[in-house]
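Taken together, the values in this text are just the output of simple stated rules run on the coordinates, not laboratory data. Quantities reported herein were computed from a predicted structural model and do not represent experimental measurements. Positions of Cβ are generated from backbone atoms using ideal geometry, with glycine treated the same way; all protein chains shown enter the neighbour counts.
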Amino acid sequence: MKYTKKLAALFLAVVMMLSACNKTDVTTTTGTEAPTAEITTTTTTAAETTASEAVENEKVFPNKGFYVEGTKLYDANGNEFILRGINHAHTWFKNQLNTAIPAIAETGANCVRIVLSNGYQWDKDSLESILGIIDLCKEYKLVAVLEVHDGTGKNEAEVLTGIVDYWLEMKDALIGNEAYVILNIANEWFGDWSEDKWADAYIAELPRIREAGIENLIMVDSAGWGQYPMSIAKRGVDVFNADPLKNTMFSIHMYGSAGGTQKVIKRNIDNVIKQNLCVCIGEFGFDHSDGDVDEMYIMEYCTEIGVGYMGWSWKGNGGGVEYLDIATEWDGSVLSADWGENLINSTNGIKATSETCSVFE
């Protein structure tokens, strides 16, 4: 397990400190909180510093699910997990699920981001259907990243509240699947390029999710249709701290605005990492209505620094963005030349950089 060496080091450090200090009062906590120690001493020693650092860095997440430590994402076995996945627009193509999921797994992807609906705009996805999706993803060793798409670009806080209400209704699909499911609450909720209303709404909703007993890792898209990562850089820490479990990561969607040049890509990712927050690229393509995307550098830089990415989307795009189809056939027998081939088969693409989550081993 990940924490064996850490705990051994902590024990040794505390023993050294006790022998070096004249007066020490150690109080530990129990239950669902991580082990901590309150140390009072009349002198400051190297052993005390070591023990304090070990305690501060120690974290045992109680539900054995995905968790974040600083900028890194870990799975239930304590192994670092880097998302390498594909988006699938399930709610609009429900009859393609049993074809798309095996095909996505065949690309080497280790996760799939699933589009769902709470009924606000499209047909509501049921608890039974979500459980079926999760079971199918498990069968093909894919981590399921679940999101509700109905709030895309909306600014009203009540829309986000309605999406959270949906997840509370569907909580039986989440509870018990913490090792296999990441909850990406709402796709691109909050269309404005500003941060305060975005942050305040999420700050109000995260405690509701935890109070319902949902302990899955939470993923929050940035403001500005997902393309304003300064919202995370400026207020992401506040959102993170609003989660009672401190188990929230963030997502940037990179199209022409947030992913158009190497300079912009690097700045947008680095600004979040500098806040000691965990981030991934939840969506990106090779082109879009707002401009060209440097998809090759997105994959290169994410590989260089160990950040996850998920390409948009497997198949079914319409409204003039059909070029964003990764596959031209649902079974993946033909990949699009400009997008699918690069996402999956390039040097920093999915096939070369993806590792199956250790919970499936």
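Below is a table of values for the structure above.
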{"item": "Net charge dipole size for region 138-275 [Lys, Arg +1 and Asp, Glu -1 on Cβ; Debye, nearest 20]", "result": "720"}
{"item": "Scaled radius of gyration (Cα, divided by 2.2 N^0.38 Å) that region 67-360 gives", "result": "0.89"}
{"item": "Estimated D of region 145-250 in µm² per second, where Rh is the Kirkwood radius over Cα pairs and Stokes-Einstein applies at 10 °C, 1.306 mPa s", "result": "119"}
{"item": "Those GluC sites (Glu not before Pro) in region 284-341 that DSSP places in a loop and that have at most 14 other beta carbons within 10 Å", "result": "Glu329"}
